[in-house]
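Everything below concerns the one structure shown next.
The values are calculated or read from the model by the stated rules, or taken from the named source; none is laboratory data. Not measured: the values here are computed from a predicted model. Here the Cβ is made from the backbone with ideal geometry for all residues, glycine too, and neighbour counts use every protein chain on show.
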Amino acid sequence: MKLISFDDYQIGVLTDENKVIEITELLPNLPEELRSFRMLTLIERWDTLQPLIKEHIKSKQPVDLDSVNLIAPVPAPRKVYAQPSNYKAHSEEMQASPWSGSAPQISSEQGMFLKASSSVSGPNDPILLPYSDRVIHHESELVMIMGKGGSMIPAEQALDHVFGYTCGLDMTVRGPEDRSKRKSFDSFAPIGSYIITADEISDPQSLEINLWVNEELRQHAFTKDMIVDCKNQIANMSWVARMEPGDLIFTGTPEGVGPVAPGDLVTINISEVGELSARAKARY
């Protein structure tokens, strides 16, 4: 199932014909100041809501996708985890770059880092570039959305805790500062355009990732080449911090990262998962 957030935090199902069926009425009525948590509520109550949703969409009239304004499918995650340097070729390109001094060589030596949850943005939001005199790179990534929470989750059970997957961009200011600072600016974690539920993805290590800037293909890779695979990322990260429904995990970027300038259109496509486009804009 494909799930979207749109307009004023409404929730919908995206059909195979690119039509939208709203399902917000199936969720508890939240006060206005808590509506951004609707998707978290759906994820937390998925086992109860899923059969109701399947019945609901049989009788409801869909609307055109163009008639709604897509926002980040998980607008207000509690935590945003990220796996650094998780493809060998990317680690090598960073070691050969001017920023190699601040980058350990392989993902298994680095564990994880956190991005600010306020850095999350959606497919119709601009990527706001905070500097005119610093290099800012795109990083295309598969993003996992956690369904069941837990601590110290065994790797062999980890994928059972995944609610779904989406496309993500881990935007990054290059430089000597701590990763979390360089990657946590507003709009530096675009995700979308929708969540594909985990039952639709048989193997998250068999996906193809492509990223274009304007019409130039910059990144092309396969998730099978991750150094730390998806299930072990969950196991390692949950050993440190308890995972909760709706938490995001950015799983690492492959080689081919490059600069983004105001006006550039950045597009990521992941096979079986979907596509996300966002245009860069100067914040300064």
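Inside the range 62-79, can you point out the residues that are of a type in the set (D, E, K, R) and either under 13 Å from the mean Cα position of the chain (by Cα) or at pLDDT below 95 (or both)? Full working, then the answer.
Residues of the range 62-79 of a type in the set (D, E, K, R): 64, 66, 78-79.
Hit for the range 62-79 is 79, nothing else.
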Taking the range 18-31 only, how many residues are loosely packed, with under 14 Cβ neighbours inside 10 Å and either assigned to a helix (DSSP H, G or I) or out of contact with any helix residue (DSSP H, G or I) (no Cβ under 9 Å at 6 or more places or on another chain) (or both)? 3
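Would you pick out the residues in the range 156-168 that are touching a residue at least 60 places away in the same chain (Cβ under 8 Å) and of a type in the set (D, E, K, R)?
Let us first name the residues in the range 156-168 that are touching a residue at least 60 places away in the same chain (Cβ under 8 Å), namely 156, 158-159, 161-168.
Across the range 156-168, the qualifying residue is only 156.
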Restricting the range 211-241 to residues that are touching an Asp or Glu at 6+ places or on another chain (Cβ under 7 Å) and more than 19 Å from residue 88 (Cα to Cα), which is surrounded by the fewest Cβ atoms within 10 Å (Cβ to Cβ)? 214
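Can we say residue 183 is of a type in the set (D, E, K, R), touching a helix residue (DSSP H, G or I) at 6+ places or on another chain (Cβ under 9 Å) and either in the same structural domain as residue 49 (by TED's automatic domain parsing) or closer than 26 Å to residue 89 by Cα (or both)?
Numbers: of a type in the set (D, E, K, R): yes; touching a helix residue (DSSP H, G or I) at 6+ places or on another chain (Cβ under 9 Å): yes; either in the same structural domain as residue 49 (by TED's automatic domain parsing) or closer than 26 Å to residue 89 by Cα (or both): yes.
Yes: the conditions hold for residue 183.
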Flag if residue 171 is of a type outside the set (S, T, N, Q), touching a residue at least 40 places away in the same chain (Cβ under 8 Å) and surrounded by fewer than 18 Cβ atoms within 10 Å (Cβ to Cβ): no
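Does the range 32-53 contain any residue that is β-branched (Val, Ile, Thr) and either assigned by TED's automatic domain parsing to the domain that holds residue 196 or part of a strand (DSSP E or B) (or both)? Working first, answer last.
Here is the first cut: in the range 32-53, the residues β-branched (Val, Ile, Thr) are 41, 43, 48, 53.
Among the residues that remain, those that are also either assigned by TED's automatic domain parsing to the domain that holds residue 196 or part of a strand (DSSP E or B) (or both) are: none.
No, because not a single residue in the range 32-53 is β-branched (Val, Ile, Thr) and either assigned by TED's automatic domain parsing to the domain that holds residue 196 or part of a strand (DSSP E or B) (or both).
Kindly establish whether residue 187 is of a type in the set (S, T, N, Q) and in contact (Cβ under 8 Å) with a residue 12 or more places away in the chain.
Yes, satisfied.
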Quick check on the range 133-149. Is at least one of its residues among the polar types (S, T, N, Q) and under 17 Å from the mean Cα position of the chain (by Cα)? yes
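Residue by residue, here is whether (1) in contact with a His (Cβ under 9 Å, 6 or more places away or on another chain); (2) in a helix (DSSP H, G or I) holds:
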{"site": "158", "(1), (2)": "no, yes"}
{"site": "163", "(1), (2)": "no, no"}
{"site": "167", "(1), (2)": "no, no"}
{"site": "175", "(1), (2)": "no, no"}
{"site": "209", "(1), (2)": "yes, no"}
{"site": "219", "(1), (2)": "yes, no"}
Inspect the range 270-282 for any residue being over 17 Å from the mean Cα position of the chain (by Cα) and more than 17 Å from residue 189 (Cβ to Cβ) and give the result as yes or no. yes
When residues of the range 174-199 are limited to those that are crowded, with 20+ Cβ neighbours inside 10 Å and more than 15 Å from the chain's Cα centre (by Cα), the one nearest to residue 54 (Cα to Cα): 185
Would you call residue 204 farther than 27 Å from residue 131 by Cβ, in a loop (DSSP other than H, G, I, E, B) and not small (Gly, Ala, Ser)? yes
When (1) at pLDDT 95 or above; (2) under 26 Å from residue 275 (Cβ atoms) are applied to residue 45, the one that fails is (2)
Name the residue, out of 5, 100, 59, 107, that is buried (at least 21 other Cβ atoms within 10 Å of the Cβ), modelled with pLDDT under 95 and among the polar types (S, T, N, Q). 107
